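**Q** Structure in structure tokens, see below.
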Amino acid sequence: MSLRFLNGGGAMGALIRSHDWAGTALGRPVEWPQPLKTIVGVMLGANQAMFATWGPQQVMLYNDLYAQILGGHHPRALGRPFAEAWPDIIDDVGPIMAKAYAGVPTSMDDLQLTMMRHGHAEETHFSFFYTPLRDEDGEVGGVFCACNEITEQVFAQRERVAELERFRNLFEKSPSFVAVLRGPDHVFELANPAYLKIVARHDIVGQAVRQALPEIAEQGFIDLLDQVYRSGEPFAGQAVPVFLHERPGEPPQRRFLDFVYQPIHNHQGTVTGIFVEGVDVTATHEAAQALAASNEQLARAQAAGGVGMFTVDLRQNLVTITPEMCRMFGIPEQQQVPPELLERLVITEDIEFVSSLAKRTQGDLPLKTEYRIRRPDNGQIRWIARSAEFQFDERGQRVRLVGVVQDVTERRHAEQVLRDSEEKFRTFAQVMPNHVWAAPPDGLLDWFNEQTLSYSGLGHEQLAGQGWAQIVHPDDLAQASQAWARSLSSGQPYEIEFRIRRADGAYRWHLVRAQPIRASDGAITRWIGTNTDIEDQRLARETLLAMNATLEQRIAERTQERDRLWSNSQDLLVVIGSDGIFRDVNPAWTRILGFSREEVIGRHFDALIYPEDRDATVNALAYSTRQVLVQFENRFRHKDGGHRWFSWTASPDASGLVYGNGRHITAEKEAEAALSRTQDALRQSQKMEAIGQLTGGVAHDFNNVLQVIGGNLQLLREATRQDESAQRRVEAAMAGVDRGAKLALHLLAFARKQPLAPDVLNIGQRVHELDDMLRRVIGDSIELETVIASDLWNIFVDPHGLENVLLNLAINARDAMDGAGQLTLETRNITLDGAYALDHPDVIPGQYLMISLSDTGSGMPSAILDRVFEPFFTTKPEGHGTGLGLSMVYGFIKQSGGHVKIDSEVGHGTTVRLYLPRSHQVQETMLPEFSGPVTGGDETILVVEDDAQVRDTVVAMLSELGYQVLKAPDTRSALEILQSGTPIDLLFTDVVMPGQLRSPELAGLARELHPDIEVLFTSGYTEDAIVHGGRLDQGVALLSKPYRREDLARKIRHMFVNRKFAATLKAHVKAHRAEALQPSAEPQAAPPAVAPAGLRILVVEDEEDSLQSLLEILDLSGYVAVGAPSAEKALTLLDKAKFDVLMTDISLPGMSGREFAALARERQPLKVIFASGYGPRKDEPVDAVWLQKPFDFDVLFAVLDELGS
């Protein structure tokens, strides 16, 4: 037979052809099954990494690209079992392989794996799909996988996200106000908090400046922005006055701003926006003005003798003061005062700087000082400068202290402002990219910014004074020094070009400028200078001079270059007349639009322009005949009937022709549209998630209240059984509690916090069952039409929840039609592709079952459509709805992994489409739930509940059922009771409890202290503590609030029955072990039953102790038994071995026992035994045996004996 399927394939093709296949489970290639040959041929010719496995040993074959993924595992992996080829990731991909061998394909966009393929553990990421390969008989014989390694893309995306977050943090935390404006209308793209604060707005992003800040339009700033946008030249302003609103509705206030408008260029050099940055210098500017006024006032005061004088008589301890000093200190005018009166005005921190009686006596006080006083007349704090001296008598004794005082508050403030100003100057100078330096009037440099020091590589001391001369080029030093000397003598600005040495020894040309800073009298107080690097400009200037010398030669070269650019350009190049007739086009027109050059030249642009863009294109062409046209966008038709987007730049020549360049931007336009749709969907998703968090919390508190009311009503009902009137009132109140519970359930459904009980469902059958109910709901005057497609896919959904969704939608449709019209319910299979997912980011592409309800009602406008899923939003009159119906629909469908879409038009009705993911599982028969009698017991129960009313109600209900009840208000108190040694059979605790010890942690400690204890959780809102993915965690029992007495009683009895069954199993095992250890001296009685030879039993039980005990009993009794804790793991055992009997519990994590039994019987002809704490349902399959826990083992052995025979 031909082996052409192995031809080619590169290195792996050769390796497969030379491999010794006779020693493998596959045998020689000529004997391989035809499906395997086909897929190997496809794989070897593919340009994507692929592998295939065949047979139960999962023997591997793969192509060249997959060999690269294997790394160090290649070529050893060829012909080896999959598990041996990938031992390091088998735990991750083994279940996927198992599903594929079970006939279930799997695909993932990003699977993270830790691989050991290059001698060390490394994180990798893959996208792939696994699909079963079937043999000639249609059975699964192997698996095919196509995959792509996306590790580099994942790492790159992480880095991009981190970089963006770093930029966003810098932007948000900037002390300056910053904004980014886009387009010629200056639309706000970004604005940091400082900018929003100074303009007193919070909603300016997305608006043009003229629209967002109308008050600045008349102040010339719009014209200034237009100038920067047109010219591309930045603008910087200092202490520019601007009137801004501090609060809406109030008159604008004048502010002084330092700011810069910096144009933003694209890669072509075109201005696309403006970067705005600045600071509010109002306080500094006003302080400077105040300083000038203060200096003027001080000069007048000095001229008028505004100086206070005083004399202290040291012997009499009295101070004689002048009226000016009285006014200065804010005291009534008087001639003499006690010195203590003045000393008390000095603030505490400055006491040490003034005189006191002791200091004056000892002569130990500063004669010149400054201190602060608080004036008693107005409470102001003023700075006082005092100068004094002692006067002595003829004996040399101090007799008087004479001095003057002057109010220097304004001088002190001015000095502080000056210090602040100098600090600000130094700060700005340090952040400038240029060299900045300063010098006093004598020209000896005394300050340099960090850029100067870094460039020169010298320290401050080395450059100070005349030290700067050592970094000036020797040929330039004399000229530079002479020019500096002339500026110092004349006071004229200094400007010169010379070379300055860099730290690495290289000299670069700089433009050096210096300006004098003058005092009010015109005297120079400082020189401020800068050095700007112009090396590149000098080189460009020299290059230009050189180019002029070879102009003719370069014109010829440029002509050839232009011709090459014309032919090779990827952009559309065109010569067009003002009449719109094409004169010439380059080859890119053929490549991009499909039209040949001959098909375009001589035609009017009307023949190719997209109709909607014609008028704008006419105007653009007219404009470009006069001046340069930039960034004009329009669409041209493609020869295939579609259209393409282009961005045009055009300019005229002297003859009236227009030369244009059109950049192809179709991909950019599509990306912008997709980004806009994604951002809109993200904002809507975040809004609904925030409302969901709120409603979930409300439902939690509401359920606690309902639990208190409902529990007490149930106790009251038991106490008033003989009073018929009281019973009616209690039942009416209970109905109200049920309505409240339904309201809370709707809130939880919207918040996606309700624990769901999903099952495999065929919606076609379910719709037929709901037909009568829907007709009763909508009434006889509304026609109901159902359109059920054939061969509908199964879905995995909570049946009761879906029923509530359909009823809510039917009621809404009935109300919208005002009691008359037609309601159409349609179901069909549908595939949502990647294009649909781009428009709906919450959708995962794949197969869905679609359920739609269409009415002929009044319809809804778009403004209402945007809010219909919000809780409590309703258009119905007051008292005719809660506004939670569509909220519940939204939350349920989202929690079930689906998608909901509403289309509506006013006057034409509404259509609601529900999309639920397809399930490949088999539907089990939907049977009524078992409900046993309400019974209690004498066990001890610990109730943990932080709500006192709920706690008291539950304790009363359990006590009335006969249980011994302990109670605790928090988890810490409950732990103390558990640690006390008191026997406790069941812990009944709320999921959400205050304190650091969480309820799940309390449950774990309880099981350590009391190994046989049962744990039952209750809550109105689980908050992901024990529910994940909308389903209870494995091994967790939950009773949702609010619950009835009957629900509580049945749930607790069921748990105690299961515990009793486990204890019975352990006792039976112990008895069997003891029997096996008895001496065999005396003859033993024959066992009640002999295990049928070769009978193999598969046991499925999620309670680990019960599973192990049951397996040991069966083993000791002579049976061959294998166990699994879940249906999913039992399926893998069914694929590996044959069994005769399946013994399974009903309540299992994940797939139920009934569902698993139906699926198992499709794979093997099994006899089935159901074991459960509940009794059988009414319509239990007649070909299954039912054992109710705890069961008698003699009965079990008798059943096995009968099944084995």
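The values are calculated or read from the model by the stated rules, or taken from the named source; none is laboratory data. Worth saying up front: this structure is predicted, and the values here are computed from it rather than measured. Methodologically, a virtual Cβ is constructed for each residue, glycine included, from the backbone with ideal geometry; neighbour enumeration extends over all protein chains shown.
**Q** Among the residues of segment 636-653, how many are surrounded by 18 or more Cβ atoms within 10 Å (Cβ to Cβ) and over 21 Å from ASN266 (Cβ atoms)?
**A** Within segment 636-653, residues that are surrounded by 18 or more Cβ atoms within 10 Å (Cβ to Cβ) and over 21 Å from ASN266 (Cβ atoms) number 2.
**Q** Going residue by residue through segment 299-320, is there one that turns out to be in contact with a helix residue (DSSP H, G or I) (Cβ under 9 Å, 6 or more places away or on another chain), assigned to a loop (DSSP other than H, G, I, E, B) and at pLDDT 90 or above?
**A** no
**Q** Pick out the one residue from GLY183, GLY278, GLY206 that is free of Cβ contacts under 8 Å to residues at least 40 places away in the same chain and small (Gly, Ala, Ser).
**A** GLY206
**Q** What tally of residues in segment 479-496 results from selecting those that are in contact (Cβ under 8 Å) with a residue 24 or more places away in the chain, exposed (fewer than 15 other Cβ atoms within 10 Å of the Cβ) and under 24 Å from GLY457 (Cα atoms)?
**A** Going through segment 479-496 one residue at a time, the tally reaches 0.
**Q** Among the residues of segment 585-618, what is the count of those that are among the polar types (S, T, N, Q), surrounded by fewer than 19 Cβ atoms within 10 Å (Cβ to Cβ) and within 45 Å of the chain's Cα centre (by Cα)?
**A** 1
**Q** Provide a single number: the residues in segment 128-143 that are crowded, with 16+ Cβ neighbours inside 10 Å and without any contact (Cβ under 8 Å) to a residue 24 or more places away in the chain.
**A** 1
**Q** For segment 144-160: of the residues being more than 18 Å from TYR66 (Cβ to Cβ) and at pLDDT 80 or above, which is surrounded by the most Cβ atoms within 10 Å (Cβ to Cβ)?
**A** Taking the candidates together, the pick is VAL154.
**Q** Select, from ILE830, ILE788, ILE782, ILE811, the only residue that is in contact (Cβ under 8 Å) with a residue 60 or more places away in the chain and either touching a helix residue (DSSP H, G or I) at 6+ places or on another chain (Cβ under 9 Å) or within 24 Å of GLY907 (Cβ to Cβ) (or both).
**A** Just a single option satisfies the conditions, and that option is ILE811.
**Q** Considering each of PHE1061, PHE1017 in turn, give the residue that is buried (at least 17 other Cβ atoms within 10 Å of the Cβ) and modelled with pLDDT of 80 or more. Walk me through how you get there before you give the answer.
**A** Numbers: PHE1061 fails: modelled with pLDDT of 80 or more.
Exactly one of PHE1061, PHE1017 is buried (at least 17 other Cβ atoms within 10 Å of the Cβ) and modelled with pLDDT of 80 or more, namely PHE1017.
**Q** From the list ALA208, ALA217, pick out the single residue that is in the same structural domain as GLY183 (by TED's automatic domain parsing), among the small types (Gly, Ala, Ser), surrounded by 13 or more Cβ atoms within 10 Å (Cβ to Cβ) and under 27 Å from SER647 (Cα atoms). It would help to see each step written out before you state the result.
**A** Working: ALA217 fails: under 27 Å from SER647 (Cα atoms).
One residue alone meets the criteria, ALA208.
**Q** Let me ask you something else. Within segment 27-40, track down each residue that is within 17 Å of LEU133 (Cβ to Cβ), in contact (Cβ under 8 Å) with a residue 24 or more places away in the chain and assigned to a helix (DSSP H, G or I).
**A** Just the residues of segment 27-40 that are within 17 Å of LEU133 (Cβ to Cβ), to begin with: 27, 29, 31-40.
Okay, now just the ones that are also in contact (Cβ under 8 Å) with a residue 24 or more places away in the chain, so 29, 33-40.
Those that are within 17 Å of LEU133 (Cβ to Cβ), in contact (Cβ under 8 Å) with a residue 24 or more places away in the chain and assigned to a helix (DSSP H, G or I): PRO29, GLN34, PRO35, LEU36, LYS37, THR38, ILE39, VAL40.
**Q** Hey, ILE222 hits all of (1) of a type in the set (A, V, I, L, M, F, W, C); (2) touching a Lys or Arg at 6+ places or on another chain (Cβ under 9 Å); (3) more than 19 Å from LEU181 (Cα to Cα) but one; which does it fall short on?
**A** Single failed check for ILE222: (3).
**Q** Spot the failing condition for ILE331; the list is (1) in a loop (DSSP other than H, G, I, E, B); (2) surrounded by 17 or more Cβ atoms within 10 Å (Cβ to Cβ); (3) within 60 Å of the chain's Cα centre (by Cα), and only one is missed.
**A** For ILE331, the failing item is (3).
**Q** Still on this model: Scanning for something assigned to a strand (DSSP E or B), closer than 30 Å to ASN762 by Cβ and at pLDDT 85 or above, does segment 918-933 turn up at least one residue?
**A** Yes, the conditions are met somewhere in segment 918-933.
**Q** Would you be able to tell me the number of residues in segment 5-26 that are touching a strand residue (DSSP E or B) at 6+ places or on another chain (Cβ under 8 Å) and in contact (Cβ under 8 Å) with a residue 40 or more places away in the chain?
**A** So the count comes out to 4.
So that you can scan it fast, the table gives a plain yes or no per residue for (1) over 23 Å from LYS1136 (Cβ atoms); (2) among the basic types (Lys, Arg); (3) assigned to a loop (DSSP other than H, G, I, E, B); (4) at pLDDT 90 or above:
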position	(1), (2), (3), (4)
MET1	yes, no, yes, no
PHE5	yes, no, no, no
ALA25	no, no, yes, no
VAL42	yes, no, no, no
PRO56	no, no, yes, yes
MET60	no, no, no, yes
GLY72	yes, no, no, no
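**Q** Could you say whether any residue in segment 964-979 is modelled with pLDDT under 90 and assigned to a loop (DSSP other than H, G, I, E, B)? Lay out the reasoning, then the answer.
**A** In the first step, residues of segment 964-979 are kept if they are modelled with pLDDT under 90; the result is none.
No, segment 964-979 has no match at all.
**Q** Could you tell me which of the residues ASP393, ASP364 is at pLDDT below 85, assigned by TED's automatic domain parsing to the domain that holds GLN316, of a type in the set (Asp, Glu) and surrounded by fewer than 13 Cβ atoms within 10 Å (Cβ to Cβ)?
**A** Of ASP393, ASP364, the one residue that is at pLDDT below 85, assigned by TED's automatic domain parsing to the domain that holds GLN316, of a type in the set (Asp, Glu) and surrounded by fewer than 13 Cβ atoms within 10 Å (Cβ to Cβ) is ASP364.
**Q** Continuing with this model, one more query. Would you check which residues across segment 603-627 are of a type in the set (Val, Ile, Thr) and either touching a residue at least 24 places away in the same chain (Cβ under 8 Å) or touching a Lys or Arg at 6+ places or on another chain (Cβ under 6 Å) (or both) and list them?
**A** ILE609, VAL618, THR625
**Q** For GLU1075, only one of the following conditions fails: (1) part of a helix (DSSP H, G or I); (2) of a type in the set (Asp, Glu); (3) at pLDDT below 60; (4) under 38 Å from the mean Cα position of the chain (by Cα). What is its number?
**A** Result: GLU1075 passes all but (4).
**Q** Check off (1) part of a strand (DSSP E or B); (2) free of Cβ contacts under 8 Å to residues at least 12 places away in the same chain; (3) not hydrophobic (A, V, I, L, M, F, W, C) for ASP563 and give me the number that stays unchecked.
**A** (1)
**Q** Can you find a residue in segment 155-164 that is among the polar types (S, T, N, Q) and more than 30 Å from MET60 (Cβ to Cβ)? Let's see the steps before the verdict.
**A** Applying the first criterion (among the polar types (S, T, N, Q)) to segment 155-164 yields 157.
Applying the additional criterion that residues be more than 30 Å from MET60 (Cβ to Cβ) yields 157.
Within segment 155-164, one or more residues are among the polar types (S, T, N, Q) and more than 30 Å from MET60 (Cβ to Cβ).
**Q** Hey, among the residues in segment 367-383 that are in a strand (DSSP E or B) and more than 60 Å from the chain's Cα centre (by Cα), which one's surrounded by the fewest Cβ atoms within 10 Å (Cβ to Cβ)?
**A** Residue satisfying both the conditions and the ranking: LYS368.
**Q** Restricting to segment 1126-1140, and then to whatever is touching a Leu at 6+ places or on another chain (Cβ under 6 Å) and surrounded by 21 or more Cβ atoms within 10 Å (Cβ to Cβ), can you tell me which residue is nearest to LEU1098 (Cα to Cα)?
**A** PHE1139
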